[in-house]
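Here is the structure we will look at, set down as structure tokens.
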Protein chains: 2
Amino acid sequence: MAANRPKGTRDFLPETMAARQQVIQTVRKTFELFGFGELQTPAFERIETLTGKYGDETDKLMFKIIKRGSGSENGECDMALRYDLTVPLARVMAMNPDIRTPFKRYQIQPVWRAERAQRGRFREFYQCDVDIVGATGALAEAECLAVMYRCFVALGLPLVNLHINDRRVLSDLAAIAGAEDTDAELKVLIAIDKLDKIGRQGVTEELIRRGFVQEKIDALFAAIERPEQGDAILTALSTHLTPRGQEGITAIRALVDATVAMGVPAERLVLDPTLARGADYYTGPVFEAQMPALGIGSLGGGGRYDTLIGRFSKQDLPTVGVSIGLERVLVVLEEQGLLPTPGPTAKVLVTLFNENEITTAISTANMLRDAGIATDLYLEPKKLKAQFKYAHARGYPFLIVIGPDEAANNSATLRNLETGEQTTVAIAELAHLINR
Amino acid sequence: MAANRPKGTRDFLPETMAARQQVIQTVRKTFELFGFGELQTPAFERIETLTGKYGDETDKLMFKIIKRGSGSENGECDMALRYDLTVPLARVMAMNPDIRTPFKRYQIQPVWRAERAQRGRFREFYQCDVDIVGATGALAEAECLAVMYRCFVALGLPLVNLHINDRRVLSDLAAIAGAEDTDAELKVLIAIDKLDKIGRQGVTEELIRRGFVQEKIDALFAAIERPEQGDAILTALSTHLTPRGQEGITAIRALVDATVAMGVPAERLVLDPTLARGADYYTGPVFEAQMPALGIGSLGGGGRYDTLIGRFSKQDLPTVGVSIGLERVLVVLEEQGLLPTPGPTAKVLVTLFNENEITTAISTANMLRDAGIATDLYLEPKKLKAQFKYAHARGYPFLIVIGPDEAANNSATLRNLETGEQTTVAIAELAHLINR
């Protein structure tokens, strides 16, 4: 039978996996430095938990699990693989009303989306999320930006830009373009979000195709295409906005101040009225990490969503969070030569000289492992040459041979595979020499 | 809408999750000490990869994913969640023929089984597997037992028993009971495996129900109910066996010797002709870790399976491995009071005294984080009392207050929440005092 992997999925062999784990560990440690605690939730949720949270298009991208037993013959599904880490958090909050807020949780787990597989886009991928549940205001939002930024710095990407906008500004802009309900609003946001890719012309065409009129589209561009830089953008933009949008402007200003106070360099913050973020549930500031020079989209993002959790719970719980897209970050790190290069899986191979010396070889490996040294023991008494080749191919720095002469003297030959240097030493000294 | 979790699944909130991660980390480090490298595979596999590998009963326990688009209306499924970590490994080996063997891989990931949910049995649970692909002989088998045993020692469970048997012995015993094909053989193995639970009477009844005859069942018990202890069991058993079974006895003896040489105490090894292990694919020695005193089943187990990987690859790749059942191990650790007790998520809370001192509070939190101290910053200028309560409830050892007087002097009040002691110190000294 042929062996195949499902489309859009990957295996991670040890060489790749070790670097991946190091990157995850860096993100984890950064989250913990800010006092976030870890949550894990099941891979699948009940289907009614997930559907209707992201929009119809997205519901089609879920991997659904067919019922066991009755119902399966006509394709009834009762569960689906989680699509993100946000809706599971909302479900957890509703099921645990005694969790004290503000609740700062992080979650690093895979999510699954049945998107068309293409370069750099996978159907199983990891997200690294932090969210602060039960805190209003700019400080909580800034802390999310600050912890995300610190992750990028820790990974060697201090030049990431953090784009900032506010959902209320976006709603006003959509109204300027002629959107009269939330459906139409979402259409405008999706189009605006592509401005940097398809340009004013492309956005205009998309909006006209979707039934918007030229005159109002022009009014939209008059609002968002600004010659100003920095805070002046907000001042200019604000003249086009209703009190709702102006609240958004105020929130953006407070967020910028707090984020800079938290140590994020001001020049990394980009006020970006075209930043729309896909999900429907945002209610306040939204943000996104980008490295435009790399031609790769978002490396992470998030925003404030004050009503999503209330859809499950009896009470509204104001929440803000960010999600780091691990897979894209890994692509960037690799392209920039910044990927960690973990060492080999073991520091030393204990070879088997022949049947008689096996027991000495085994006890030597034991001793080295007791000393905390990652030790590989060759497992079949093959020719020494094959064992040397095995150690070389795996990049082990050391190799040990214990023949009958050495065994008789409680000694071993320690070979440094990087220098070729070889010495015969007491077995008891091996750990010390390898650790040196 | 009501919030519910799928049956048989769990959420891990930060308190639980931290202990879980520590246990996983201990297992991971032990695997790495033996030179195993990490593999991760996708959560789902193509359905044809999984079906027919474990037996018909098991195929029913898989969570199957319905096709996207056409085929979904009549319940066609093209993928299923992985049922264990062994079949994915076989698929990976087949897809990567250039992997050098012996290949020592570990894998720590969840698996999913649609079993009836009951106390201590979950539908999503973690397995921790090591396998050595491409190595024959007792040393590779012993290394699997040794690394599993060392995990238990590292977790505080040195009194685990390692039961050992061999599939060839089991095949002979099934033949003695009258099994004439592999289907019948599997029925005998499943019955024998329950001997310690349902006794000779129970096993006899089950076998008679399944069409076996009393006389041959008696012959089976004559072979396996031995008054002997230790190696004498093997000698006595061996008189009942064909050359195939006697090969199994030889393999068990070699395995015991090698395992003891690897540092596992001889008294922890239990020669157990009734140990059957469920899966169909074992071909040589099988083993299982048990702690009978705890009334909990297997804590882990495995064996040699030399033909499974060949079902995917062109070549047979002799393989041996063990799987540690993380969930049961966690239950035992908890019952024994051996679960790690990780500290709080942060070491210190920086409170917000009032709006004016927010910037100083933020920069103090920054400074502590720069010093590597997990620091929580309160995010809303609520009453100090509420902030104290928050820090207490979370078990933070320290709390910092910076009021206007302190801020004016670049100082802060550091409160030790364990002792109640409180001192006013220079902000620059805080990190040093907290780390002390």
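On C-alpha positions alone, give me the angle between the axis of helix B:182-192 and the longest principal axis of chain B, in degrees, nearest 10. Result, in degrees: 60. Taking amide hydrogens as placed 1.01 Å from N in the peptide plane, the amide H of B:THR136 sits under 5 Å from that of no residue at least 5 positions away in sequence or on another chain.
Only four residue types carry charge here, +1 at the Cβ of Lys and Arg and -1 at the Cβ of Asp and Glu. Report the dipole size of the stretch A:80-169 about the Cα centre in Debye, rounded to the nearest 20.
300
Projecting the Cα atoms of B:GLY37, B:GLN21, B:GLY52 onto the charge dipole of the stretch B:5-54, computed from C-beta unit charges around the Cα centre, puts B:GLY52 farthest toward the positive end. Close amide H contacts of B:ARG68 (hydrogens built in the peptide plane, cut-off under 5 Å, sequence separation of 5 or more or a different chain): none are found. Label point of B:ARG100 (7 Å along Cα→beta-carbon): distances to the other copies' equivalent points are 5.4 nm, sorted ascending.
Dimensions of the stretch B:335-436 along the principal axes, based on C-alpha atoms and rounded to the nearest Å, stand at 53, 27, 24, largest first.
Per-residue mean of foreign Cβ neighbours for B:6-17 is 6 (Cβ atoms of other chains, 10 Å radius).
Write down the percent of antiparallel bridges among all DSSP beta bridges whose residues are both part of the stretch A:1-107, to the nearest 5.
75
Within the straight-line cut-off of under 27 Å between alpha carbons, the lysines reachable from A:LYS389 are A:LYS347, B:LYS29, B:LYS104, B:LYS314, sequence neighbours fewer than 8 places apart in one chain being disregarded. Counting only residues at least eight positions apart within a chain, or on another chain, the lysines with an alpha carbon under 22 Å from that of A:LYS187 are A:LYS53, A:LYS60, A:LYS197, A:LYS216. The HN-Hα couplings worked out from phi for the stretch B:296-313 by the Karplus form 6.51 cos²θ - 1.76 cosθ + 1.60 (θ = phi - 60°) are 10, x, 6, 9, x, x, x, x, 8, 9, 8, 10, 4, 5, x, 5, 9, 8 Hz, whole numbers, x standing for Gly and Pro.
If you put +1 on each Lys and Arg Cβ and -1 on each Asp and Glu Cβ, how big is the dipole of the protein assembly as shown around its Cα centre, in Debye rounded to 20? Mind dumping the intermediate values first?
Working: 100 positive and 112 negative charges, 75 e Å.
Dipole about the Cα centre, nearest 20: 360 debye.
Counting Lys and Arg as +1 and Asp and Glu as -1 over every other residue whose Cβ lies under 11 Å from the Cβ of A:HIS392, the net charge comes to +4. Between the Cα long axis of helix A:243-261 and the first principal axis of chain A there is an angle of about 30°, rounded to the nearest 10.
Remark: mean inter-chain Cβ contacts per residue of B:145-156 equal 1, using a 10 Å Cβ-Cβ cutoff to other protein chain atoms.
With label points defined 7 Å past Cα in the direction of Cβ, position B:ASP316 shows copy-to-copy spacings of 6.9 nm, given to one decimal and shortest first.
Which value, in debye to the nearest 20, gives the size of the charge dipole of chain A about its Cα centre, when Lys and Arg are +1 and Asp and Glu are -1 at the Cβ? Before the final figure, lay out each step's value.
On the way: 50 positive and 56 negative charges, 161 e Å.
For chain A, the charge dipole is close to 780 debye.
Report, as an integer, the average count of C-beta atoms from other chains found within 10 Å of each Cβ along B:193-199. Walk me through the intermediate numbers first.
Values: counts 0, 0, 0, 0, 0, 0, 0.
Going residue by residue through B:193-199 and averaging, the value is 0.
Shape class for the stretch B:229-310: rounded, because the ratio a/c of the largest to smallest gyration tensor axis (alpha-carbon atoms, square roots of eigenvalues) is under 1.5. Once the Cα-Cα distance is subtracted from the 0.36 nm per residue extended length, the B:GLU76 to B:GLU418 segment shows a gain of 117.1 nm. Calculated mean residue ellipticity, 222 nm, chain B: -12000 deg cm²/dmol, from DSSP H runs (n ≥ 4) at -39500 (n - 2.57) each, averaged per residue and rounded to 500. Starting from the label point of A:ASN410 at 7 Å along Cα→Cβ, the same points in the other copies fall at 6.0 nm, in ascending order.
A simple rule links phi to the HN-Hα coupling: the Karplus curve 6.51 cos²θ - 1.76 cosθ + 1.60 with θ = phi - 60°, which for the stretch B:52-57 gives x, 9, 10, x, 4, 4 Hz, with x for Gly and Pro. Per-residue Cβ neighbour counts within 10 Å put A:THR274, B:THR250, B:THR345 in the sequence B:THR250, A:THR274, B:THR345, beginning with the fewest. Here the spin labels are modelled as points 7 Å beyond Cα on the Cα-Cβ line, and at B:HIS432 and A:ALA408 they lie 6.2 nm apart. Normalised by the number of residues in chain B, the average gap of Cα pairs under 8 Å and 6 or more apart makes the relative contact order 15 percent. In this entry, the protein assembly as shown is assigned a mean projected area of 41.2 nm², taken as a quarter of its C-alpha convex hull surface.
Could you work out the local net charge near A:ALA374, counting Lys and Arg as +1, Asp and Glu as -1, over the other residues with Cβ closer than 14 Å to its Cβ? Around A:ALA374, the surrounding residues sum to +2.
Sum up the charges of everything whose Cβ sits under 11 Å from the Cβ of B:PRO14, counting Lys and Arg as +1 and Asp and Glu as -1, but leave B:PRO14 out. After counting each charged neighbour, the total is 0.
Our coupling estimate for the stretch A:152-169, obtained by passing each phi through the Karplus curve with A = 6.51, B = -1.76, C = 1.60 and θ = phi - 60°, is 4, 4, 4, 8, x, 10, x, 8, 5, 9, 9, 7, 10, 8, 9, 4, 5, 4 Hz, Gly and Pro reported as x. Using the Cβ-Cβ distance between A:GLU32 and B:GLU205 with R0 = 60 Å, the FRET efficiency computed as 1/(1 + (r/R0)^6) comes to roughly 0.60.
With the charge dipole of chain A set up from +1 on Lys and Arg Cβ and -1 on Asp and Glu Cβ about the Cα centre, the Cα lying farthest toward the positive end among the listed residues A:ALA135, A:LEU433, A:PRO227 is that of A:LEU433.
When only alpha carbons of chain A are considered, Rg and Dmax amount to 28.0, 94 Å. Comparing B:ARG105, B:ARG168, B:ARG244 in a Gaussian network model of chain B (Cα springs below 10 Å), the most mobile by mean-square fluctuation is B:ARG244.
Read the figures in this text as sums done on the coordinates, not as results from a lab. Model, not experiment: these values are computed from the prediction. Don't worry about glycine lacking a Cβ; one is built from the backbone with ideal geometry, like all the others, and counts go over all protein chains shown.
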